[in-house]
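Peer 1: I have a structure here, written as structure tokens, and I will follow up with some questions on it.
Any read-out appearing in this document is the output of simple, stated calculations on the displayed coordinates, not a laboratory observation. Fair warning: this is a prediction, and the values are worked out from it, not measured in the lab. In this analysis, Cβ positions are derived from the backbone assuming ideal geometry, glycine residues included, and neighbour counts consider all displayed protein chains.
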Amino acid sequence: MEKSFSIFLTCALLGIFILLLISLYIQPKEITRYSQLKENDYVKVTGKIISIRTIEDFSIIKIDKNITTICNCKFPVNQTILVQGTVEKYKNELQINADKIESVD
């Protein structure tokens, strides 16, 4: 009993370690236009903000490549930003749920 528990524990810890190593090497796909978006992909896009709509505690930002992103952030219109996040479908439109947004200017 004790030996099988040790084997199970070793396998579990090894599996967690392998998953951690894999997660360190996952890079977002660079997107240049809306047609490249695919649901559930992890992507990165750079663009200039053309409109911002704030609803309660989050903002809907549309950038110049006709790509929409959702975040809890404040940026001015015409600022160039880099967005990383997961592509999700909302009302039959693809949008990026931002994990990271930074100013490029």
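Peer 1: Using a Förster distance of 35 angstrom, determine the FRET efficiency expected from the C-beta separation of Val104 and Cys11, and round it to 0.05.
Peer 2: 0.20
Peer 1: How large is the charge dipole for region 29-103, taken about the Cα centre, if only the Cβ atoms of Lys, Arg (+1) and Asp, Glu (-1) carry charge, to the nearest 20 debye? Walk me through the numbers before you get to the answer.
Peer 2: Working: 12 positive and 10 negative charges, 49 e Å.
Dipole size: approximately 240 debye.
Peer 1: So for the pair Tyr25, Glu93, with labels modelled 7 Å out along Cα→Cβ, what separation do we get in nm?
Peer 2: 3.8
Peer 1: Additional query: Given the chain reduced to its alpha-carbon atoms as identical point scatterers, what log10 I(q)/I(0) does the Debye formula return at q = 0.12, 0.20, 0.22 Å⁻¹?
Peer 2: For the chain, the Cα-only Debye profile gives -0.50, -0.96, -1.12.
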